[in-house]
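J.: First the structure, then my questions, so here it is.
The values are calculated or read from the model by the stated rules, or taken from the named source; none is laboratory data. Just so we're clear, the structure is a prediction, and the values are computed from it rather than from any experiment. For neighbour counting, all protein chains shown are included, and Cβ atoms are generated from backbone atoms with ideal geometry for every residue, glycine included. The accessibility values were calculated without ligands, DNA or RNA, using every heavy atom of the protein model including side chains. Shrake-Rupley method; radii C 1.70, N 1.55, O 1.52, S 1.80 Å.
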Amino acid sequence: MNSEQVIEVRGLTKKFGNLIAVNNLDLNVYRGDVFGFLGPNGAGKSTTIRMLLSLIKPTSGEMKIFGRSISKDRKEIFSKIGAIVEKPDFYLYLSAYKNLEILGKLSGTDISTKKLMSMLELVGLDKRYKSKVKTFSHGMKQRLGIAQALLHDPELIILDEPTTGLDPQGMKEIRDLIIYLSREKGKTIFLSSHILHEVELISTRMIIINRGTTQVEGTVDELLKTDKIKVTFEIDKIEDALRLVNESSWQNNFKSTSKNEINFELTKNEIAELNKYLIEKGFSVSAIIPVRSLEDFFLKITDGGAK
Amino acid sequence: MITLVLIELQKMFKKWRTYIGIIAIGLLTIIVQLVLYFTGKNFVDAQMRGMEQSFVIVGNLLNGYFIARLILTLLIIHIPFLVVLVGGDLLAGEATAGTYRMILTRPVSRLQVITSKFIAGMLYVIILLAWLAFLSLGVSLIVFGSGPLLSIGSGIVIFAENDILWRFLGAYAFAALSMTTVMFISIVFSSLVENAIGPIVSTMAIIIIFLIVSAIPVDFLQNIKPYLFTTHMSQWNNFFNDEVNYKEIYNSSWILLVHIVGLYAITTYIFIKKDILS
Ligand SMILES: Nc1ncnc2c1ncn2[C@@H]1O[C@H](COP(=O)(O)OP(=O)(O)OP(=O)(O)O)[C@@H](O)[C@H]1O
Ligand SMILES: [Mg+2]
């Protein structure tokens, strides 16, 4: 993969009075990445995105996009970025089509009717192109938000929680669209989210922030796939099973137990092995429930973040 | 830049508030015209009472010019209300709607965005005044015909038919300058808040307070009167004096122009530095 750095952020900090919304944040996004920017509510995701897009000024820190400074090369940089910041807002008194037309013109390209309609079709709004945005549901606005971000065929797409408010079908469509844009169109995508699962499904690299600072960072494979997984086995004859585990080499993987459950820490391969082992010994395993340590960790900080 | 201004105008003319001024001016003008059409003869006679002996008046006094002048006098004090209705919303409306996030993350500079707003505001003032001129002067001339203009100010003056049109042009040009000042004040306030009501009320409050202050016959207040922009706004009247005092007009024009440039500069400076939190 090409290693050209698309977003480079060093020591980014934003204070609102006494509150430190973003604290000494570093970001590295490379061309072709689907970069997951994870964090619970209030973690500082939107604030970071606002700074990246120069809607607000950092208290301190350096930012470069496409290797250039935004304050100097604003126009060139912005002509190659499409973005959704926070919830998608439009001119409510204008039609979906007119909104896109205006935003397209501001992007410096006179976009043809055909292109506009195909954009609306892409997000499933082509039948409603004449309707005023006032009449749209939140999910429809979110879809229109995606359309406006893609309008001018940008290289870098920054999406701030693009799936909030969408139904499961809509969420999947957006995920598929992001995967398509990344794989087929070679776009770089910066995706903020508070849903680990969502990021896991589509991202290549990710960072988790909380209270404005980095908690974990790496490729999704590193962080999720090769990770030792906490697994809960639901099993009958729990006492016999525990005895067996303690007498075997599996005791190294043993973590804890409760009611009819035993918790282990295992790799993927080991799950299958242990399952086979228990069945061979005459136990019946009614469920295997994986809980990844990262997910655990994320839940913990999400709890903390909500306070 | 032209694209940006056109976009601003498009947005403006898709909003209801934009038409309030246009409809109000239309209605008021038509009402005055109707009233004068039916009772105008008495009205002019009343104005002329006692004069018949001293003047020999040739021609129709209840003509288009007379009506245009009357409507201008009646409406000009109300036009600031109509202007700030649009001006107060020009920037605050984007904040309320959250659309700053959409437009300021495009390859246009904030300077361009704010400048296009000011230009659009100025164009609205011009459109509004042109509409007023068209209805009150254009339509009145067609309906009531032409003639000499009876002008009642500090004294009574009658201008010959060929000595009138330029006075209206001057008065309207000056009114455009005054109303642009009002428009720009409302845009300044509009850039500071996220709701259009505040700027509308504040701008009107300033105008009203200034007008009251300058009407109070206290030495101190009379001394600051020349420094209040509202004092200079009535200078359009000067064009209907027998001897137009150009020195006063230049002076007032300069003061209003400095206001306009100053207001634009301050707002631009604030707007470029501002954190967009809406
Ligand atoms: N305009 C503001 N004034 C003061 N504090 C603010 C402002 N905007 C954001 N904050 C604070 O900054 C912190 C980060 O907020 P931010 O909106 O960036 O979070 P987020 O990660 O986007 O959360 P969410 O998932 O809810 O969208 C929060 O504690 C928030 O209260
Ligand atoms: Mg957010």
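J.: Do you know which residues across segment A:274-291 are part of a strand (DSSP E or B) and in contact with an Asp or Glu (Cβ under 6 Å, 6 or more places away or on another chain)?
T.: Across segment A:274-291, the qualifying residues are A:Ser286, A:Ala287.
J.: Which pairs have Cβ atoms under 9 Å, sit 6 or more apart or on different chains, and link a residue in segment A:159-180 that is basic (Lys, Arg) to one that is open to solvent by 30 Å² or more (accessible area, probe 1.4 Å) and more than 16 Å from ligand 2 (Cβ to nearest atom)?
T.: Note: pairs meeting the criteria are A:Arg175/A:Leu201.
J.: Would segment A:97-109 turn up any residue that is assigned by TED's automatic domain parsing to the domain that holds A:Leu196 and farther than 24 Å from A:Gln142 by Cβ?
T.: yes
J.: Which one of these does A:Phe66 not meet: (1) within 14 Å of another protein chain (Cβ to nearest Cβ); (2) closer than 26 Å to B:Glu94 by Cβ; (3) buried (at least 19 other Cβ atoms within 10 Å of the Cβ)?
T.: Going through (1) within 14 Å of another protein chain (Cβ to nearest Cβ); (2) closer than 26 Å to B:Glu94 by Cβ; (3) buried (at least 19 other Cβ atoms within 10 Å of the Cβ) one by one, A:Phe66 breaks only (2).
J.: Looking at (1) open to solvent by less than 20 Å² (accessible area, probe 1.4 Å); (2) touching a Leu at 6+ places or on another chain (Cβ under 9 Å); (3) within 16 Å of ligand 1 (Cβ to nearest atom), can you tell me which one A:Gly139 breaks?
T.: Status for A:Gly139: all satisfied but (3).
J.: Anything in segment A:36-60 that is away from ligand 1 (no atom under 15 Å from the Cβ) and more than 11 Å from every other protein chain (Cβ to nearest Cβ)? List them, or say none.
T.: A:Ser60
J.: Given the condition over 29 Å from B:Leu27 (Cα atoms), among the basic types (Lys, Arg) and part of a helix (DSSP H, G or I), answer yes or no: does some residue in segment B:167-184 qualify?
T.: Checking segment B:167-184: not a single residue is over 29 Å from B:Leu27 (Cα atoms), among the basic types (Lys, Arg) and part of a helix (DSSP H, G or I).
J.: Name the residue, out of A:Leu196, A:Leu191, A:Leu223, that is within 16 Å of ligand 1 (Cβ to nearest atom), away from chain B (no Cβ under 14 Å), modelled with pLDDT under 90 and open to solvent by less than 40 Å² (accessible area, probe 1.4 Å).
T.: On inspection, the qualifying residue turns out to be A:Leu196.
J.: Okay, next question. Collect the residues in segment A:91-123 that are of a type in the set (S, T, N, Q) and free of Cβ contacts under 8 Å to residues at least 40 places away in the same chain, keeping them in residue-number order.
T.: Those that are of a type in the set (S, T, N, Q) and free of Cβ contacts under 8 Å to residues at least 40 places away in the same chain: A:Ser95, A:Ser112, A:Thr113, A:Ser118.
J.: Ok, one more. Which fully enclosed helices (runs of 4 or more DSSP H) of segment B:1-88 have 2 or more residues being modelled with pLDDT of 90 or more, within 14 Å of another protein chain (Cβ to nearest Cβ) and closer than 29 Å to B:Leu192 by Cβ?
T.: So the answer is B:2-12, B:16-48.
J.: Which ones in segment A:14-35 are away from ligand 1 (no atom under 12 Å from the Cβ) and within 14 Å of another protein chain (Cβ to nearest Cβ)?
T.: Once the filter is applied, which keeps residues that are away from ligand 1 (no atom under 12 Å from the Cβ) and within 14 Å of another protein chain (Cβ to nearest Cβ), segment A:14-35 yields nothing.
J.: If I filter segment A:93-117 down to residues being facing chain B (nearest Cβ under 7 Å) and farther than 22 Å from B:Arg110 by Cα, which single residue comes out as most open to solvent (accessible area, probe 1.4 Å)?
T.: By that ranking, first place goes to A:Tyr93.
J.: While we're on this one: Specify which of the listed residues (B:Asn195, B:Asn162) is surrounded by fewer than 14 Cβ atoms within 10 Å (Cβ to Cβ) and at negative phi.
T.: None of the other options fit; the residue is B:Asn162.
J.: For segment A:70-90, indicate whether the set of residues that are more than 10 Å from chain B (Cβ to nearest Cβ), without any contact (Cβ under 8 Å) to a residue 40 or more places away in the chain and either surrounded by 19 or more Cβ atoms within 10 Å (Cβ to Cβ) or under 20 Å from B:Ala95 (Cα atoms) (or both) is non-empty.
T.: The answer is no; no qualifying residue exists.
J.: Being open to solvent by less than 10 Å² (accessible area, probe 1.4 Å) and more than 15 Å from ligand 2 (Cβ to nearest atom) is the filter here, so list the residues in segment A:10-39 that pass it.
T.: Of everything in segment A:10-39, those that are open to solvent by less than 10 Å² (accessible area, probe 1.4 Å) and more than 15 Å from ligand 2 (Cβ to nearest atom) turn out to be A:Leu12, A:Leu27, A:Val29, A:Asp33, A:Val34, A:Phe35.
J.: A follow-up question, please. Can you name every residue in segment B:238-268 that is not hydrophobic (A, V, I, L, M, F, W, C) and not in a helix (DSSP H, G or I)?
T.: B:Asn241, B:Asp242, B:Glu243, B:Asn245
J.: Residue under question is A:Lys130, and the condition is that it be assigned to a helix (DSSP H, G or I) and either of a type outside the set (Asp, Glu) or within 14 Å of another protein chain (Cβ to nearest Cβ) (or both); does it hold?
T.: Considered against the rule, which asks whether it is assigned to a helix (DSSP H, G or I) and either of a type outside the set (Asp, Glu) or within 14 Å of another protein chain (Cβ to nearest Cβ) (or both), A:Lys130 comes out as no.
J.: I've got another one for you. Have a look at A:Ser69, A:Ser46 and point out the one that is under 23 Å from A:Lys187 (Cβ atoms), within 14 Å of ligand 2 (Cβ to nearest atom) and not hydrophobic (A, V, I, L, M, F, W, C).
T.: Selected residue: A:Ser46, the only one of A:Ser69, A:Ser46 that is under 23 Å from A:Lys187 (Cβ atoms), within 14 Å of ligand 2 (Cβ to nearest atom) and not hydrophobic (A, V, I, L, M, F, W, C).
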